[in-house]
Amino acid sequence: MSQASKPVPSPKAIQPTSSTNASCYVVSNVDGLNIRDQPRTDSTALAQLQKGDRLDAKCDAVEGGSYSACGVSNYSWWIPVHYDDRNADAYVAAACVGWYASQG
């Protein structure tokens with residue numbers, strides 16, 4: 001018997017906070033989560049996160065290429081993250097991370 005994928009709401013609907021004083025971060029829910037150059041699976045993988053690894057992130061998600069991973073199918077939401085002092089954002093699949101805001 002196969003299990004159906006559970007629906008995951010759009011990150012736009014579940015933003016971690018709307019406060020301008022908040023900073024956000026993600027924590028990987030899986031081992032081997034790719035940090036990508038662009039919000040799509042065919043972009044360059046810059047590195048991988050292991051379960052429990054944390055990265056600073058933006059508090060807004062972006063829609064990009066769709067993926068099927070971490071219990072969802074055809075999901076297209078990505079979280080921009082700060083990685084390796086890049087001047088541009090890197091991205092992680094939103095369905096594969098916990099996304100948190102902290103006041104600061």
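Assuming R0 = 25 Å, can you tell me the calculated FRET efficiency for the pair residue 45 and residue 74, based on Cβ-Cβ distance, to the nearest 0.05?
Efficiency computed from Cβ-Cβ geometry: 0.75.
List the residues, sorted by chain then number, that are 5 or more residues from residue 48 or on another chain and whose placed amide H is less than 5 Å from its amide H.
HN-HN under 5 Å from residue 48: 35.
Give me the net charge of residue 83's neighbourhood, meaning all other residues with Cβ under 10 Å from the Cβ of residue 83; Lys, Arg count +1, Asp, Glu -1.
-3
With just the Cα atoms of the range 25-103, tell me how far they stretch along each of the three principal axes, in Å, largest first.
Reported extents, whole Å, longest axis first: 32, 23, 22.
Taking the Cα centre of the range 25-103 as origin and charging only Cβ (+1 Lys, Arg; -1 Asp, Glu), how large is the dipole, in debye to the nearest 20?
It works out to roughly 160 debye.
A short reminder: the numbers here are calculations on the coordinates, not readings from a lab. All of these numbers come straight from a predicted model, not from anything done at the bench. All Cβ positions, even for glycine, are placed from backbone atoms using ideal geometry, and neighbour counts span all protein chains on display.
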